[in-house]
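Let me begin by presenting the structure, written as structure tokens, before commenting on it.
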Amino acid sequence: MAQPVPCIVDEEGLESVAESITITDNRTGETFELPIVNGGVAANEWSKAVPGVWFYDPAFMYTAACESSITYLDGEAGVLRYRGYPIEQLAEKSSYLEVAYLLLNGELPTAEQYDVWRHDVTYHTFIHENVRKRFLEGFHYDAHPMGMLVSAVAALSTFYLDAKDIFDPESRSKQIIRLIAKMPTLAAAAHRFSVGMPFVYPDNTLDFASNFLSMMWKVAEPRFEPDPVLTRALDVLFILHADHEQNCSTTAMRVVGSSHADPYSATAAAAAALYGPRHGGANEAVIKMLTEIGSIDNVPAFVESVKSGGGRLQGFGHRVYKSYDPRATIIKRTADEVFSVTGKNPLLDIALKLEEIALSDDYFISRRLYPNVDFYSGLIYQAMGFPLEMFPVLFAIPRTAGWLTHWQEMLDQDSKIARPRQLYIGDDARDYVPVEARG
Ligand code: ACO
């Protein structure tokens, strides 16, 4: 909720804004005072003062595109909170499904609310047989599971025609439950297809993470019993990935949603944004990098090559976090727990050496580059047996809760369709030249 513009009232009753910025248009000499609210200046106030002068901000590096009360992130201090709750406390004490409820509803559920929520999500895990048989099985045998997931999520909109009723609260809540519940089923189905294994139906007696592991790994046993340490580790990873305010994929969700597209189409767009190596594909890139380095002895030379422009240290650096990524600290602990069950990932020693050298090197210190959430998450996924191609899929499953929360918030804010301006730098008007007259 926007704060009212804070005002100071002087003895004569005249009001002035408590925090403001004054700009002078040097073309006219006019000055304008613009209020600073919640750390920002409203661009429409600016445009009233100097119409036709746009902010030039490719990649939205300095632009707040919305107000949001979902996730708080302080990149300087390394703070991340969902609805006010520190990520460290949620990772230690909560579960992914409870966090999804918290994100979507703004409050932690009561015991009864949680029971209803868990039941609803658990009983919407099945997908229409046509999605699997005709749609997913129609892909080429070596299709990337993330490509399959993006397409399958978009295709779901053709199965739920009521999804278009985005302002009907009942329909909206139904689609949100369906999306959160079906994501693991689609993800596991994409994996099973890519390795030629038969589809495993959801087991609604299992919790969210265990059910996903069952659909991934079950072979012929009557009931899949995942190791509780691995289930909990996966649930913690899901909590850490549930939301991260206005990142690339969430922005895609809000932008597509602002056209009033149905939530399946908007979620497919968000998942497509997550697919890229600069976003959800980074943990896959970390594993490839560590494999390429091959041994601890090669680490110093690799760091030198990065410093001299030979590529990036994958899993390092973040647009927002400039002191440390709080998720990386939690994930490092989770990695130790997972390795106590699975055995140590042989790439771990290379990763630790890389981190040690980079954190004491002026190149990385001066640019404020620290390990991000992806530096260790890939090592955990790999130790748990997930193939590299599944890494972005594993990110998309929990982020669905965050995307939908932002979608809902955006619709409730009665926002306009997203439509930025451009600074045109092309040719002036010129006349069409017939082909025979072109030089
Ligand atoms: N390795 C080496 N140098 C780096 C790295 C890195 N990982 N990241 C940034 N730099 C350097 C840049 O070369 C640049 O140096 P310069 O000033 O000498 O030109 C400086 O640090 C600033 O880099 P930018 O690209 O401007 O930073 P930006 O905020 O745009 O990029 C990003 C952030 C994309 C995450 C970047 O740090 C990166 O590519 N990291 C590796 C990929 C990665 O781990 N992505 C996962 C992000 S977390 C997530 O999506 C869940």
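For the range 217-361, what does the alpha-carbon gyration tensor say about shape, rounded, prolate or oblate, given a ≥ b ≥ c as the root eigenvalues, a/c under 1.5 as rounded, and a/b over b/c as prolate?
Judged from the Cα gyration tensor, the range 217-361 comes out oblate (a/c at least 1.5, b/c at or above a/b).
Helix 248-257 versus the longest principal axis of the chain: what is the Cα-based angle in degrees, 0 to 90, to the nearest 10?
70
Please report, as a whole percent, how much of the solvent-accessible surface of the chain comes from carbon and sulfur atoms (probe radius 1.4 Å).
The nonpolar share, carbon plus sulfur, comes to 54 percent.
Compute the angle between helix 145-156 and the longest alpha-carbon principal axis of the chain, please, reported from 0 to 90 degrees and rounded to the nearest 10.
70
Of the candidates Arg232, Arg254, Arg319, which one comes out as most mobile in a Gaussian network treatment of the chain with C-alpha springs shorter than 10 Å?
Arg319
What is the helix-to-structure angle for 348-359, meaning the angle in degrees between its Cα long axis and the longest Cα principal axis of the chain, kept from 0 to 90 and rounded to the nearest 10?
Between helix and principal axis, roughly 20 degrees.
Let's see if you can work this out: charge +1 on each Lys and Arg Cβ, -1 on each Asp and Glu Cβ, no other charges. What is the dipole magnitude of the chain about its Cα centre, in debye to the nearest 20?
Approximately 1440 debye in magnitude.
State the answer as a single residue: which of Ser249, Ala49, Met289 lies farthest towards the positive end of the charge dipole of the chain, with beta carbon charges of +1 for Lys and Arg and -1 for Asp and Glu, about the Cα centre.
Met289
If you roll a 1.4 Å probe over the heavy atoms of the protein chains, what accessible area per residue do you get for the chain, in Å²?
So the chain comes to 51 Å² accessible per residue, rounded to a whole number.
Per residue of the range 382-396, what does 6.51 cos²θ - 1.76 cosθ + 1.60 with θ = phi - 60° give for ³J(HN,Hα)? Whole Hz please, x for Gly and Pro, Karplus curve as stated.
The phi angles translate into 5, 4, 7, x, 6, x, 3, 4, 7, 4, x, 5, 5, 7, 5 Hz.
Kindly rank 170-182, 154-166, 111-123 from highest to lowest mean number of other beta carbons found within 10 Å of each residue.
Order by mean packing, descending: 170-182, 154-166, 111-123.
Round to a whole angstrom and tell me the spacing of the C-alpha centers of the range 272-331 and the range 37-74.
Spelled out, the Cα-based centre of one part sits 30 Å from the other.
Quick one: which residues, 5 or more positions from Ile36 or on another chain, have an amide H under 5 Å from its amide H? H modelled 1.01 Å from N in the peptide plane, none for Pro or chain starts.
HN-HN under 5 Å from Ile36: Glu19, Ser20, Ile21.
Quick one: P(r) of the chain from all Cα-Cα pairs, 20 Å bins, percents rounded to integers, in order of increasing distance.
P(r) over the chain, rounded to whole percents: 22, 51, 23, 4, 0.
For the pairs Lys288/Lys353; Lys332/Lys353; Lys288/Lys322; Lys182/Lys288, flag any whose C-alpha to C-alpha distance is greater than 18 Å.
Too far apart for the 18 Å limit: Lys288/Lys322; Lys182/Lys288.
Taking 22 Å as R0, compute the FRET efficiency from the Cβ-Cβ separation of Tyr72 and Ser323 and round it to 0.05.
0.90
Once a ≥ b ≥ c are taken as the square roots of the eigenvalues of the Cα gyration tensor of the range 138-280, is the result rounded (a/c under 1.5), prolate (a/b larger than b/c) or oblate (a/b not larger than b/c)?
prolate
Note down the magnitude of the dipole of the range 293-338 about its Cα centre, charges +1 on Lys and Arg C-beta and -1 on Asp and Glu C-beta and zero elsewhere, to the nearest 20 debye.
320
The values are calculated or read from the model by the stated rules, or taken from the named source; none is laboratory data. Bear in mind the structure is a predicted one, so any value in this text is a computation, not a measurement. Neighbour counts run over all protein chains shown; Cβ positions are idealised from the backbone, glycine included. Protein only, heavy atoms only, side chains kept; ligands, DNA and RNA dropped before computing areas. Shrake-Rupley method; radii C 1.70, N 1.55, O 1.52, S 1.80 Å.
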